[in-house]
1. How many residues does the range 402-415 contain that are surrounded by 23 or more Cβ atoms within 10 Å (Cβ to Cβ) and over 28 Å from the mean Cα position of the chain (by Cα)?
2. Just checking, which of G247, G293, G347, G280 is open to solvent by 40 Å² or more (accessible area, probe 1.4 Å) and under 18 Å from L223 (Cβ atoms)?
3. Within the range 218-237, can one find any residue that is open to solvent by less than 30 Å² (accessible area, probe 1.4 Å), of a type outside the set (G, A, S) and touching a Ser or Thr at 6+ places or on another chain (Cβ under 9 Å)?
4. In the range 522-550, which residue that is open to solvent by 70 Å² or more (accessible area, probe 1.4 Å) and of a type in the set (A, V, I, L, M, F, W, C) is nearest to E459 (Cα to Cα)?
5. Considering only the range 396-406, how many residues are modelled with pLDDT of 90 or more, over 21 Å from L71 (Cβ atoms) and assigned to a loop (DSSP other than H, G, I, E, B)?
6. Return yes or no: is D163 touching an Asp or Glu at 6+ places or on another chain (Cβ under 8 Å), at pLDDT 90 or above and not aliphatic (A, V, I, L, M)?
7. Kindly indicate the residue of the range 262-311 that is within 19 Å of D356 (Cβ to Cβ) and outside any helix (DSSP H, G or I) and also nearest to the chain's Cα centre (by Cα) among those meeting that condition.
8. Check the range 455-463 and report whether any residue there is under 23 Å from N491 (Cα atoms), part of a loop (DSSP other than H, G, I, E, B) and modelled with pLDDT of 90 or more.
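The values are calculated or read from the model by the stated rules, or taken from the named source; none is laboratory data. Predicted model only: the values in this text are computed from it and were never measured. Cβ placement follows ideal geometry from the backbone for every residue including glycine, while neighbour counts extend to all protein chains displayed. These accessible areas exclude ligands, DNA and RNA; they are computed on the full protein's heavy atoms, side chains included. Shrake-Rupley method; radii C 1.70, N 1.55, O 1.52, S 1.80 Å.
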Amino acid sequence: SALSALALTGEFGDRIRKDVLSLLEGFRDVTPPIRTDFYRPRVSFQAVAVDSFQKKTEAYHTLLSREIPQLLGEEGIFNQMPEELPAYQDPYARFLEGFQGSADGEITEPKTPAITTYSTLTGPEKPHLLFQTTLDGDKETWLCRAARTGMEENRVHCLHLVDSPTPACEADMLNRRSRIPACADRICAFEREDLCDYGKQHHLILKRHPDGASAAVQALQVLDRLLGSHAAGDSPLKITCDDLNRGAAARALFRLSVLGMVELFYIDFREADSVFKVYGFTETMNPEAAAVGLYGYLQKNDLSPGKKYLSHIPDGMPDVAAELDRSRRLFGEPLRAWLRTASAEGGLHHLEDYPDYFQGVADYVPLLADQVDGSMRETAYRRLWNLKRFLQGAECRYAGLLMAVRATDEDWGCGFCDRCVPDLAFGRAEQTPPPESLFLEELEKRFQSWMENEAVGFESDAADRFIQDFGDAYANLRTRSARTLEYDPYNLKALYVARELAQPAEGEMDALDLMAVVLRDLPRLQAVRFYETFRGDAGVKRAQFDLMDDVHSPFNSPEGEQWLFREAREAGLTEERIDFLGAREVLNTLQRTDLTPHCARLSQLVEEF
C-alpha cells in the first residue's frame, strides 16, 4: 500500500520545506497552502528596556501589579488586580550554571527560556499576557506566538522586558565591528556588577556552540581517556561520562571517528547509563586517512556560497591543507598552551607517550568542529543582534514584526504598541489592519524566491534591481535580508543587500561581513569585484582592504599582492604601508628571476614579509 508521511515544523519557507523533503527521501511534496496572515486585530506590543538587574526586577513587579492592569482596565476588560504576583527569578541563572541533571540522573544540555504566558490575569474577557524577559529567540517567534494566542479575537498584550547593554558596550561592539560583546567569564567589561541580558545570551551561545579550540579540548580529553582504557586492557574501550556531558563526549567521539581513529561507539543502556563502549580505536593517527575523512565531512557540510568543496574532486587535497594551515594559525597557540598546562597539572596522562597523536587531533578537530558550529554561532549572534536592534528601534512594533515574514507598507502604524501610542492609552479604538498591496506582495514573492534559491547564482545587477523596485519600501528588503542571515549566514545575496541598505551605525559591520565571506570562500577576481562595487566611505573601504591584505586571503599570491600594491597607491594609503607592499612586490619579482645563488635568502625574506 502507499506510504504517507506527515512532517511538522516550527519554521516555514522554501528552504525548510526542502530540508524536510530531503530527510524524507523521495516523498512527493503535497504541502498545503501556508497561512501567512499573522495580523490580529486585538494584539498590542510593548518593550521595556532597563540598565540593571535591580531595575529589571522592579520593572517586572511594576508592570504586573500596576501598569498592565491599568492598561487593560482602561479598555474595560480588566479591573481586577492579581492577588499574588509570581516572584521574579532570573531566567538565565540556572542555565548559566552548567548542564542540568534530571530526576533520573540523566545529564542534558541547557535549554533557553521561552516566552511565558501568564494565567494570573483574570477578567470577563480573559486577556492574555505574553511576557518575555530574555533575549532568546527572534522576532518571528514572537509574532507567531502572538498570532496564535490572538486567534478568536482574544485580547493579547505582548510585553518584552530586557536588561540592555550599556552605551559603552554598544559603542565598543560597533567600533570593533562585531556583534559579540567584550564580556568574558561572566564578567562585564564595562564595570557592571552583573551581566546584561545580551551578555548572558552571549554566554549561552558559547555554551551551546563552543569554538574550535574548545571543541578540540573536549576531543583531547576523550582521547586521553581512550588511551587510558586501552592501556588498562579494556575490550571494548570504555568512556565514563560522570564528569562530562554525554553530548560533549558523543561529539568528541564522532569527530575522532570522522578522522579515522574510532570505528564505532555507543552506550549500552543494559549495562550502564553513562558509559560509552568504543570499538576500532587506533593508537596512532594516519594523516592521510584523517585528511580524507576531514575532506568528506567538509564536502557533506559545505556551507560556502560557492560550494568550494563540492565543486571539484580533491587532488592531494590542497584546499584542506590551506584550511588546516588557517586553522593552526587561529587555534594552534591557545591549544599548545592548554596542552602544556594540562600536562603539567596532571589533566592529561598520556601526552608524553603520544605527543604526535595529541598534536594531530589539535590540528584537525578545530576545522572539523567549526565547519558547522561556526555557522550556528554566527546565526545565533545575528538573531541576538537583530532582536536587540528591533527592541531599540523607533518603528511601529507590529509593522517591524510583520516585515519578518511579509512585505508591509512602511507608513502603516498599528496604533496598538508603545511606539504608536507611547502612553499605551489604547481604549476601545478600532485597529486598522495593514493595507494590502498586490505590488508589494508579488515583489516580495519574487525577492524571497531569488534570495533562497541556491540554484540561482549571485548577480549584483539582480540585487540592484530589487533595491530599485522596492523604492521607498526598502526597509522590507533590509529586514528580510537580516532574517535570511539568521539561518543562512553566508548567503551572498542577503549579505550584499544588507551592505547596500546598511544603516549608518552598522555600515562597516555589514560591509565587512560580506567581504569576510567573499575572501574565505570565493576566488580573488570575485573578491575584487565586490570590493570595487562598494560605494561607502573611505574608512570602511580601508577596513575591507585590511581584510584582503591577509595571509589567509586569496590575495596571498604574487598576482594578488601586485593588485594590493596598485590599489594601495590609488587609495592613498600611508607611505609606510605603500612602501611595505612595494617591497613585497619587489621580492616577488626577484623570486621569479633567475638568481639561483640568492634564492634561499630571497625565499626567507619573502616568508618574513
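1. 1
2. Among G247, G293, G347, G280, only G347 is open to solvent by 40 Å² or more (accessible area, probe 1.4 Å) and under 18 Å from L223 (Cβ atoms).
3. Initially, the range 218-237 is screened for residues open to solvent by less than 30 Å² (accessible area, probe 1.4 Å), giving 219-220, 222-224, 226-229, 236-237.
Narrowing further to those that are of a type outside the set (G, A, S): 220, 222-224, 226-227, 236-237.
Checking the rest, the ones that are also touching a Ser or Thr at 6+ places or on another chain (Cβ under 9 Å) come to 236-237.
Within the range 218-237, one or more residues are open to solvent by less than 30 Å² (accessible area, probe 1.4 Å), of a type outside the set (G, A, S) and touching a Ser or Thr at 6+ places or on another chain (Cβ under 9 Å).
4. L525
5. Our first condition is that a residue be modelled with pLDDT of 90 or more; within the range 396-406, this holds for 396-403.
Checking the rest, the ones that are also over 21 Å from L71 (Cβ atoms) come to 402-403.
Those left that are additionally assigned to a loop (DSSP other than H, G, I, E, B): 403.
Matching residues across the range 396-406 total 1.
6. Numbers: touching an Asp or Glu at 6+ places or on another chain (Cβ under 8 Å): yes; at pLDDT 90 or above: yes; not aliphatic (A, V, I, L, M): yes.
Criteria met by D163.
7. We begin by selecting, within the range 262-311, every residue within 19 Å of D356 (Cβ to Cβ); these are 262, 281-294.
Keeping just the survivors that are outside any helix (DSSP H, G or I) gives 262, 281-286.
Details: V262: 30, F281: 34, T282: 35, E283: 36, T284: 35, M285: 32, N286: 33 Å.
Across the range 262-311, the extreme among qualifying residues is V262.
8. Keep residues of the range 455-463 that are under 23 Å from N491 (Cα atoms), which gives 455-463.
Among the residues that remain, those that are also part of a loop (DSSP other than H, G, I, E, B) are: 455-459.
Subsequent filtering for residues that are modelled with pLDDT of 90 or more retains 458-459.
Yes, the range 455-463 contains at least one residue that is under 23 Å from N491 (Cα atoms), part of a loop (DSSP other than H, G, I, E, B) and modelled with pLDDT of 90 or more.
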